[in-house]
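*Asks:* Just passing along the structure, written as structure tokens.
The values are calculated or read from the model by the stated rules, or taken from the named source; none is laboratory data. Predicted, not measured: the structure shown is a model, and the values here were computed from it. Don't worry about glycine lacking a Cβ; one is built from the backbone with ideal geometry, like all the others, and counts go over all protein chains shown. Quick note on the areas: whole protein, heavy atoms, side chains included, nothing else; ligands and nucleic acids left out. Shrake-Rupley method; radii C 1.70, N 1.55, O 1.52, S 1.80 Å.
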Amino acid sequence: MKKIVMLLCLVVFSAPAFAGVGAFKLSLWDRAAIAIPNHIDHVRGVDLGLGSTAHSLYGVQFDILYANTKQKMIGASHALVDLAGEVRGVQGGLYARANNVKGVQWGLISITDGEMAGLQWGIYNQAEVVKGVQLGLVNYAKNIHGLQVGLVNIADNGVFPAMILLNGRF
């Protein structure tokens, strides 16, 4: 218990750093963080905390409540609310949203604003372009080059615009 209190005090009373590359980042919330070396914008390594924001992440990000990688995330990221720019790897949480994904995106609600290449898995999945598989209860894609598996599958350019169980286009 003393170690946890000491760690929280260290995070709360440490002044945030604002530039450069960090190998390890411990975040309290958003940019209130400490990093080794003392940089929090670009993380190449591990990012842990309650909630955090970074411009880029190459490695692993695990935040309990909130994760926001504004530009590129290569690796794995998880939080209850997980937001990212470009994802190459795995992104997940209750609500996962990204501009583009190459890899796996999973969550209760998974949204890709641009191209989703790989697997999108959740209760509700949505993507502008799908090149791969959407697996969920409700799947939506404007443009699909792959397969949708779920209770309701909607694809504007699919074999059928809306189908139950299976839809897609190859």
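*Asks:* Any residue in the stretch 113-123 that is assigned to a strand (DSSP E or B), open to solvent by 10 Å² or more (accessible area, probe 1.4 Å) and either among the basic types (K, R) or at pLDDT below 95 (or both)?
*Replies:* Checking the stretch 113-123: not a single residue is assigned to a strand (DSSP E or B), open to solvent by 10 Å² or more (accessible area, probe 1.4 Å) and either among the basic types (K, R) or at pLDDT below 95 (or both).
*Asks:* Answer yes or no as to whether V46 is open to solvent by 40 Å² or more (accessible area, probe 1.4 Å) and within 18 Å of T112 (Cβ to Cβ).
*Replies:* Working: open to solvent by 40 Å² or more (accessible area, probe 1.4 Å): yes; within 18 Å of T112 (Cβ to Cβ): no.
It is false that V46 is open to solvent by 40 Å² or more (accessible area, probe 1.4 Å) and within 18 Å of T112 (Cβ to Cβ).
*Asks:* Can I ask one more? Examine the stretch 101-108 for a residue that is open to solvent by 50 Å² or more (accessible area, probe 1.4 Å), modelled with pLDDT of 95 or more and basic (K, R), and state whether such a residue exists. I'd like the intermediate steps shown before the answer.
*Replies:* So the first thing to find is which residues in the stretch 101-108 are open to solvent by 50 Å² or more (accessible area, probe 1.4 Å), and the list is 102, 106, 108.
Filter once more, keeping what is modelled with pLDDT of 95 or more: 102, 106, 108.
Checking which are basic (K, R) leaves us with 102.
Yes, because at least one residue in the stretch 101-108 is open to solvent by 50 Å² or more (accessible area, probe 1.4 Å), modelled with pLDDT of 95 or more and basic (K, R).
*Asks:* When both residues are 6+ apart or on different chains and their Cβ atoms are under 8 Å apart, which pairs have a first residue that lies in the stretch 86-114 and is within 17 Å of D63 (Cβ to Cβ), and a second that is of a type in the set (G, A, S) and outside any strand (DSSP E or B)?
*Replies:* G93/A79
*Asks:* Another question, then. Taking the condition over 20 Å from G93 (Cα atoms) and open to solvent by 60 Å² or more (accessible area, probe 1.4 Å), does L166 pass? First the steps, then the outcome.
*Replies:* Values: over 20 Å from G93 (Cα atoms): yes; open to solvent by 60 Å² or more (accessible area, probe 1.4 Å): yes.
Yes: the conditions hold for L166.
*Asks:* Test V159 against the stated conditions and say whether it is at negative phi and modelled with pLDDT of 95 or more.
*Replies:* Working: at negative phi: yes; modelled with pLDDT of 95 or more: no.
Answer is no for this residue.
*Asks:* Just for the stretch 80-95: of the residues that are farther than 19 Å from R44 by Cβ and among the hydrophobic types (A, V, I, L, M, F, W, C), which one is surrounded by the most Cβ atoms within 10 Å (Cβ to Cβ)?
*Replies:* Here the residue is L83.
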